[in-house]
Structure formats: C-alpha cells, structure tokens
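First up is the structure itself, then whatever we jot down about it.
Where a number appears in this text, it was derived from the coordinates with a stated rule and is not lab data. The structure presented is a predicted model; accordingly, all values stated were derived computationally and were not measured.
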Amino acid sequence: MYAYAYAYLPASTSSLLASSSLAFSALFGYLIVKNPLNASVITSIVIIAGAMAIIALDSSSDRYSYISNSEYFAGSFWDIMGSASYIIAAMPATSLIGT
C-alpha cells in the first residue's frame with residue numbers, strides 16, 4: 001500500500017499522511033483495549049486531521065505535473081489505509097511476539 005502511495009505522492013505529503021498512524025493507534029486503542037482518550041490524545045488527533053485537510057485543500061502546490069487527480073487521491077487513500085493496516089496488523093503481532 002505504501003509503495004503505491006509513494007509512487008504518486010511527494011515525500012512531504014506521504015510522510016504527513018503516514019503520520020496518521022498515530023491517530024489510528026489512539027482510536028483503535030480506545031475501541032479495542034479501552035484505553036482512555038485524554039485531552040492531549042484528542043488534541044493530537046485533531047491536529048493530524050487538520051494537517052491532512054490542509055494538504056487536501058492545497059494539493060496543487062506540491063503535486064507532480066504528470067500525476068492526475070485520480071492518481072493523487074488514490075495515493076492519498078492508500079497511504080492512509082497503509083497506516084491503518086499497520087496499526088491493525090503489525091502492532092498486535094509485535095505485541096504477541098514480545099510477550
């Protein structure tokens with residue numbers, strides 16, 4: 001998923017979208033493990049979501065000229081899905097191996 005995203009996104013955009021894994025980690029931790037969401041966690045989720053919205057609104061400033069709109073949004077989608085799947089699959093596996 002990340003490879004497809006990195007093929008169509010600039011490094012700055014893809015790294016910011018990949019940081020959405022922090023938000024997924026907090027949300028899945030709350031839903032699955034019942035970790036409490038305190039003010040600092042909620043604030044970080046809002047900041048990450050705001051940064052992704054700013055990128056979506058100003059996507060023409062750093063987009064490669066040969067990338068179409070559909071490829072750019074597909075790259076964004078796969079980058080976010082890669083972050084979510086990493087939290088869903090890799091983190092629990094790491095936890096099981098460590099125990």
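Quick rundown of the values:
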read-out: Phi-based couplings in Hz for segment 69-86 (Karplus 6.51, -1.76, 1.60; Gly and Pro marked x); value: 4, 5, 5, 5, 6, 5, x, 5, 4, 5, 5, 5, 5, x, 5, 5, 5, 4
read-out: Calculated Rg and Dmax of the Cα atoms in Å (choose from (1) 15.0, 48; (2) 15.6, 56; (3) 12.3, 34), label; value: (1)
read-out: Structure-based [θ]222 nm, the chain - -39500 (n - 2.57) summed over DSSP H runs of at least 4, per residue, nearest 500; value: -20500 deg cm²/dmol
read-out: Mean separation of Cα contacts under 8 Å (6+ apart) over length of the chain, as relative contact order %; value: 55 percent
read-out: Residue with peak Gaussian network fluctuation, the chain [Cα springs, cutoff 10 Å], from Tyr72, Tyr30, Tyr86; value: Tyr30
